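A quick write-up on the structure given underneath.
Quick note: the coordinates plus some simple rules give every number you see, no bench work behind them. This one's a predicted model, so the numbers in the text were calculated from it and none came from an experiment. Note that we place each Cβ from the backbone using ideal geometry, even for glycine, and neighbour counts take in every protein chain shown.
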Amino acid sequence: MPTVRKTITLTNQQDQWVKAQIAAGRFTNDSEYIRDLIRRDRERDASLHVLRAAIQEGLDSGLSDRTISQIAEEAEARLRRDGRL
């Protein structure tokens, strides 16, 4: 994959943090650390997209006529059936 050289500006405090991460052996250089941050940010963004879609699906489904107890019992039964409880 081709690479692109970028110049970034950090505060002294941010630079010290990056250097500390490298010194601790978590990364071999600044670029590796920044690439890891970007990867994790992309993963978080994807997770948020899934969560937002699930929230919207719930909102779009409308109101339920079931009681909270009924909903809880159904959820518990589903978790037991799936072996997660």
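Output the residues belonging to region 6-44 that are touching a helix residue (DSSP H, G or I) at 6+ places or on another chain (Cβ under 6 Å) and assigned to a helix (DSSP H, G or I). VAL18, GLN21, ASP30, TYR33, listed by residue number.
Here ARG84 fulfils each of the conditions (1) surrounded by 10 or more Cβ atoms within 10 Å (Cβ to Cβ); (2) among the charged types (D, E, K, R); (3) in a loop (DSSP other than H, G, I, E, B) apart from (1). Of everything in region 6-35 that is aliphatic (A, V, I, L, M) and without any contact (Cβ under 8 Å) to a residue 24 or more places away in the chain, the residue that is surrounded by the fewest Cβ atoms within 10 Å (Cβ to Cβ) is ALA24.
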